[in-house]
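Written out below as structure tokens is the structure these notes cover.
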Amino acid sequence: MSSIELTPSQKKILRALTNLHKESEDAIKGEDIAEQVDRNPGTIRNQMQSLKALQLVEGVPGPKGGYKPTAAAFEALEIQQMDDPASVPIEHEGEPITDVIVEEIDLSSVHHPELCRAEIHLQGAISGIHEDDAVTVGPTPLSKLLIDGRVDGKDDTNNILILRIEDMVAPAEEAAH
């Protein structure tokens with residue numbers, strides 16, 4: 001658990017930085033982060049100063065410069081960095097999303113099928129996914145869980161999609177005799 005308390009704005013900016021950095025592995029320009037979080041580039045520069053002071057971000061000087069997240073940034077956002085994570089497919093409106101990692105699936109209200117929701121914790125940009133869009137997650141590596149649903153809500157700060165479950169299947173294994 002991270003001991004650094006970030007404001008929602010800092011969290012959103014840091015999340016955008018880690019998502020953009022994951023895609024390119026290069027230093028990320030403040031303008032690109034500003035565009036991602038719909039803020040003014042000046043606001044991003046100011047926030048980056050405080051994130052640098054917290055040692056969550058390092059500045060990269062020069063024409064190809066910008067910002068890079070430190071290992072502490074991933075820790076502060078509770079993002080698990082794995083060399084070779086198991087791949088869990090995710091589709092948006094029937095199209096595979098390749099630059100997103102499914103990190104965790106939480107099910108709520110399972111005892112009440114009409115209210116059952118799935119919280120899908122992701123690494124990567126989810127800005128193109130909107131309320132009521134169709135999303136399919138799975139099959140997961142071990143249980144082969146497959147969830148079909150519609151986006152009921154979205155938490156951009158923590159990169160979570162909340163799905164209204166329309167169908168959920170986890171095939172039972174054949175018993176070994």
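Gain in length, SER109 to ASP133, computed as 0.36 nm per residue apart minus the alpha-carbon separation, to one decimal in nm? Could the numbers behind the result be given before it?
Values: separation 24, 0.36 × 24 = 8.64 nm, distance 2.12 nm.
In short, 6.5 nm is gained.
Which longest run of the chain has no exposed loop site in it, a site being GluC sites (Glu not before Pro) in a DSSP loop with at most 13 other beta carbons within 10 Å, and the site itself not part of the run? Could the numbers behind the result be given before it?
Numbers: sites that count: GLU5, GLU25, GLU78, GLU93, GLU131, GLU173, GLU174.
Result, exposed sites excluded: 26-77.
For segment 1-58, compute Rh as the Kirkwood radius over C-alpha pairs and then the Stokes-Einstein diffusion coefficient at 20 °C and 1.002 mPa s; write the answer in µm²/s, rounded to an integer.
Values: Rh = 11.5 Å.
This corresponds to a translational diffusion coefficient of 186 µm²/s.
If amide H atoms are built 1.01 Å from N in the plane of the peptide, which residues on other chains or at least 5 residues away come under 5 Å of the amide H of VAL57?
For VAL57, whose amide H was placed from the backbone, the distant partners under 5 Å are LYS52, THR70.
For the chain, just the Cα set please: Rg and Dmax, both in angstrom.
Radius of gyration, then largest Cα-Cα span, for the chain: 18.1, 67 Å.
Treating only the Cβ atoms of Lys and Arg (+1) and Asp and Glu (-1) as charged, compute the dipole magnitude of the chain about its Cα centre; round to the nearest 20 debye. Walk me through the intermediate numbers first.
Working: 15 positive and 33 negative charges, 198 e Å.
So the magnitude is around 960 debye.
Mind listing the phi-derived Karplus ³J(HN,Hα) values for segment 23-33, rounded to whole Hz, using 6.51, -1.76 and 1.60 with θ = phi - 60°, and x for any glycine or proline?
Couplings: 6, 10, 6, 9, 5, 9, 6, x, 5, 5, 5 Hz.
Given the options GLY153, ILE90, ILE165, identify the residue whose Cα lies farthest towards the positive end of the charge dipole of the chain (+1 on Cβ of Lys, Arg; -1 on Cβ of Asp, Glu).
Final value for the positive-end residue is GLY153.
If I stretch the segment between ASN158 and GLU35 completely, what's the gain in nm (0.36 nm per residue apart, minus their alpha carbon distance), one decimal? Intermediate results must be reported in sequence, preceding the final value.
On the way: separation 123, 0.36 × 123 = 44.28 nm, distance 1.80 nm.
Full extension of this stretch gives 42.5 nm more.
Restricting to DSSP H runs of at least four residues, report the calculated mean residue ellipticity at 222 nm for the chain, -39500 (n - 2.57) per run over all residues, nearest 500 deg cm²/dmol. Intermediate values should be presented prior to the final figure.
Details: 4 runs with 44 residues, N = 177.
Calculated at 222 nm, the ellipticity per residue is -7500 deg cm²/dmol.
Note down the nm distance, to one decimal, between modelled labels 7 Å out along Cα→Cβ at ALA53 and at GLU166.
Those two pseudo-labels are separated by 4.8 nm.
Amide H of ASP133: which non-local residues (sequence gap of 5 or more, or other chain) have their own amide H closer than 5 Å, using H built in the peptide plane?
VAL151
No value in this document is a laboratory result; all are computed from the given coordinates. Predicted, not measured: the structure shown is a model, and the values here were computed from it. With ideal geometry, Cβ positions are generated from the backbone for all residues, glycine too; neighbour counts draw on all protein chains shown.
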